[in-house]
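A short write-up of the structure that comes next.
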Amino acid sequence: MTRFDSLQAWLDWQEKLHPRPIDLGLGRVAGVYRQLNPEQKKPLTITVAGTNGKGSCVAFLEAIYRAAGYRVGAYTSPHILRYNERIRIDGVPVEDALICDAFTRIDAARGETSLSYFEFGTLAALGIFAEADLDIQLLEVGLGGRLDAVNIIDPDAAIVTTIALDHVDWLGHTEEAIGREKAGIFRAGVAAIIGDAQAPRSVVEVAEQVGAIALQMDSEFSYQKQRDSWEWRSADKQIDRLPAPAFKGEHQYRNASAAIMAINTLQPLLAVSDDAIRQGLESARLAGRFQLIADAPRILLDVGHNPQAVQTLINYLSEYFPEIRIHAVFAMMRDKDIAGVLNMMRDRVTTWYLAPLANPRAATPDMLETIFQQQGLDNVRSGFTDFTEAFQTARQNTGQDDLLLIFGSFFLVSEYLSKFS
């Protein structure tokens, strides 16, 4: 018998079921997974971890494999508008009923075992994908890698994108420590693609320790930009005349290159043509990453929420909006490096508008104002009742030739897209 008859009711209950919203460890979730899937049935799998770039890598992989004619499942988080976005088959979010049925099975199998919100979602995705006759599933790690629920699955290829200081309370206070956690998705004899030439040494060390096949950017594979295209190279293959990735920014060439390396390692199992790679690079879609809204004034959405992601935003702004006045609607989660982000963006933003978010993890406008004062920034407007008021005030004060930037959190971008798109 099902516990609830709507997806929202299931999600509301899951948020309160487990005593801690983030509870890293594989024991509980692996035990329930074995109950649900004793034969460990799964499609071919690529797992993607990293501080930034995970979503882009998955989007490139999803688009390329679909262009090659394969049936693809993708599990990502967080969502922007609807929970269903987290579980996609052939680019389409699955229906409420399918997720509710999966939750019912998980609830029956778990017995007295308490599961977190993310663990329920991971088990639901794995169950749905196992029965969907997929050619391949793409799994994005939620937090870390070694102890993340996604890591109960042994991948056939694994990607670690970039490493930076984020989630330090759970992953460690150095890039070496965080790299070690994220590299926990590597497996013996399996391709371990390292998408950053400057990755912490710990990432390579973990690959060596577990006996994975380490393939690192600028060592085992690389890319070279041309005037109107780019080329990708590895020891055994070269692909020329590649179109610019669908997502803007130099870092997206690195993300796309890591995705192509993973595809190349799996060619004996799932053959992909160069033309499918070209098509997928152009057709990939991802909300909230340098998403430009053709309005007056122009609006740019970016979910970047740590200094590394914000540096890519600064690079993008310097390339595409070098002399443009920028007004920013801003919010961040309280556990992020807010001061670091403000210090990086201080010379690019003309006026800041602090948007309240109805999320217990969000820094309140009062907290943000204190940090702004500590950073010596006084070009700030606050006191808004909600995001809508902050956004509308910012839009009214942004010139037609200026740029209105909404950034700092997935939840902030979600607020805009849910109300104004």
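The values are calculated or read from the model by the stated rules, or taken from the named source; none is laboratory data. Here the structure is a predicted model, which is why all the values come from computation and not from measurement. Positions of Cβ are generated from backbone atoms using ideal geometry, with glycine treated the same way; all protein chains shown enter the neighbour counts. Surface areas here come from the heavy atoms of the whole protein model, side chains and all, with no ligands, DNA or RNA. Shrake-Rupley method; radii C 1.70, N 1.55, O 1.52, S 1.80 Å.
In the chain, helical runs assigned H by DSSP with n ≥ 4 each contribute -39500 (n - 2.57); averaged across all residues and rounded to the nearest 500, the mean residue ellipticity at 222 nm is -12000 deg cm²/dmol.
Comparing the stretch 267-339 with the 2.2 N^0.38 Å rule of thumb, its C-alpha radius of gyration ratio is 1.51 (two decimals). For the stretch 85-152, the C-alpha radius of gyration divided by 2.2 N^0.38 Å, with N the number of residues, is 1.11. Rolling a 1.4 Å probe across the protein heavy atoms gives the chain an accessible surface of 42 Å² per residue.
Taking the Cα centroid of the stretch 392-421 and of the stretch 1-77, what is the distance between the two, rounded to the nearest whole Å? Computed from Cα coordinates, the inter-centre distance equals 30 Å. Where q = 0.22 Å⁻¹, what log10 of I(q)/I(0) comes from the Debye formula for the stretch 186-293, counting one point per Cα? Those come out to -1.24, one per q.
Of all beta bridges DSSP finds with both residues in the stretch 144-283, what is the antiparallel percent, to the nearest 5? Before the final figure, lay out each step's value.
Values: 8 of 17 bridges.
For the stretch 144-283, the DSSP antiparallel bridge percentage is about 45.
Rounded to the nearest 10 square angstrom, Met367 shows an accessible area of 70 square angstrom against a 1.4 Å probe. What residue among Arg34, Arg348, Arg233 has the largest mean-square fluctuation in a Gaussian network model of the chain, using Cα springs under 10 Å? Looking only at Arg34, Arg348, Arg233, the largest GNM fluctuation is found for Arg34. Calculated translational diffusion coefficient of the stretch 2-43 (37 °C, 0.692 mPa s; Stokes-Einstein with Kirkwood radius over alpha-carbon pairs) equals 262 µm²/s.
In the stretch 186-229, Rg over Rh equals 1.11, where Rg is the alpha-carbon radius of gyration and Rh the Kirkwood radius from pairwise Cα distances.
Counting every Cα pair in the chain, what percent are over 31 Å apart? Display every interim value, and only then the final one.
On the way: 35427 of 88410 pairs.
Result: 40 percent of Cα pairs exceed 31 Å.
For the chain, with all protein chains in place and a probe radius of 1.4 Å, 46% of the accessible heavy-atom surface sits on carbon or sulfur.
Of the Cα atoms belonging to the stretch 287-421, the radius of gyration and Dmax stand at 13.2, 37 Å.
Using 23 Å as the Cα-Cα cut-off, could you pick out the over-long pairs in Lys16/Lys41; Lys16/Lys182; Lys42/Lys237; Lys225/Lys248?
Checking Cα-Cα distances, Lys16/Lys41; Lys16/Lys182; Lys42/Lys237 exceed 23 Å.
For the chain, a Gaussian network of Cα nodes joined below 10 Å ranks Ala235, Ala158, Ala394 by mean-square fluctuation, and the top entry is Ala235. When you restrict to C-alpha pairs under 8 Å that are six or more residues apart and normalise by the size of the chain, the relative contact order lands at 16 percent.
Modelled label positions at Glu15 and Thr2, each set 7 Å beyond Cα in the direction of Cβ, lie 2.1 nm from each other.
Taking every DSSP beta bridge that has both residues in the chain, what percent is antiparallel when rounded to the nearest 5? About 30 percent, rounded to the nearest 5. Of the residues Asn359, Asn397, Asn52, which exhibits the maximal mean-square fluctuation in a Gaussian network model of the chain defined by a 10 Å Cα contact cut-off? Between Asn359, Asn397, Asn52, it is Asn359 that shows the largest mean-square fluctuation. Spatially, the stretch 352-388 and the stretch 210-270 are offset by 40 Å when compared through their Cα centroids. Per residue, the average separation of C-alpha pairs within less than 8 Å and at least 6 apart gives the stretch 276-336 a relative contact order of 21 percent. Among beta bridges from DSSP that stay inside the stretch 294-411, the antiparallel ones total about 5%. Global size of the stretch 1-145: 14.7, 44 Å for Rg and Dmax (C-alpha atoms, Rg to one decimal, Dmax whole).
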